[in-house]
Amino acid sequence: MYPPREDQPDPKAARMLAIFAEQRFQRSRSNQRLRLRMLTWVIRTKVIHNLKRGLDISVASAMIVATSPLMAATVVAIRLESPGPVLFRQVRVGKDGEHFACYKFRSMYLDAEQRKAELMAKNEADGPVFKMKDDPRITRVGRVIRKLSIDELPQLFNVLKGEMSLVGPRPAIPSEVARYTYEEIGRLHAIPGITGLQQVSGRSNLDFKRWVELDLKYIAEQSIWKDLEILIKTIPAVLFSHGAY
């Protein structure tokens, strides 16, 4: 058997070279598909963000105008019943852990935060959340505006500022977030909202575990159509005060 001539390629080396070229080609195609998927995801996320922001600004602006007489009447009622500021500003945790001042109409007496510690034993909610159906810190006007969700109307200004959205997980206070598990931290991966899946699925009647499940479900499936669906479902939830206290 004669050795291969120097001017003829080694068949084994040629096969190895062909395999190497094919592998490089397949990796190149795989990388192109990956880049295409990433680009598609980035574009989709940007489009959803812009549509959501446009919806937030237009609806929040319209609601501020439409509810201005109601907000004015609420201001008068709060001032007549108890001394103190009309607006309650509380530090809340937004997307990715950013803190912001959340606005609400004051529905409690001025010493509410100081009295919270002595009422912790009567907490009716599980998890890190504090809820009491007959909370003695709530004023008479406060019970009415909480029942009808009027106390949350000032958060429309948080929406205009970009700190909140119309739809999203409810913003928690820092002391609650400090007790979150790894799974619960996932609630912070979206801009917090005035309403959300939790608000149209039972509100305070839900346990915290179910609350988190609904928030994570919303974050995974969020779209402009989902936001519109939740906004429509919020209307009867507010009118009939489902789970509100």
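The values are calculated or read from the model by the stated rules, or taken from the named source; none is laboratory data. Quantities reported herein were computed from a predicted structural model and do not represent experimental measurements. Using ideal geometry, Cβ is built from the backbone for each residue, glycine included, and neighbour counts are taken over all protein chains shown.
Within the option set 129, 76, 59, being surrounded by 14 or more Cβ atoms within 10 Å (Cβ to Cβ), of a type outside the set (Lys, Arg) and either touching a Pro at 6+ places or on another chain (Cβ under 6 Å) or in a helix (DSSP H, G or I) (or both) holds for one residue only, 59. For segment 42-83, a residue qualifies if it is in contact with a helix residue (DSSP H, G or I) (Cβ under 7 Å, 6 or more places away or on another chain), hydrophobic (A, V, I, L, M, F, W, C) and over 19 Å from residue 153 (Cα atoms), and the qualifying residues are 48, 51. Somewhere in segment 31-44, is a residue surrounded by 11 or more Cβ atoms within 10 Å (Cβ to Cβ), within 26 Å of the chain's Cα centre (by Cα) and assigned to a helix (DSSP H, G or I)? Checked against the condition, which is being surrounded by 11 or more Cβ atoms within 10 Å (Cβ to Cβ), within 26 Å of the chain's Cα centre (by Cα) and assigned to a helix (DSSP H, G or I), segment 31-44 yields at least one hit. Which one is surrounded by the most Cβ atoms within 10 Å (Cβ to Cβ) among residues in segment 79-99 that are in a helix (DSSP H, G or I) and among the basic types (Lys, Arg)? Here the residue is 95. What residue, among those in segment 100-126 that are among the small types (Gly, Ala, Ser) and in a loop (DSSP other than H, G, I, E, B), is modelled with the highest pLDDT? Top of the filtered list is 107.
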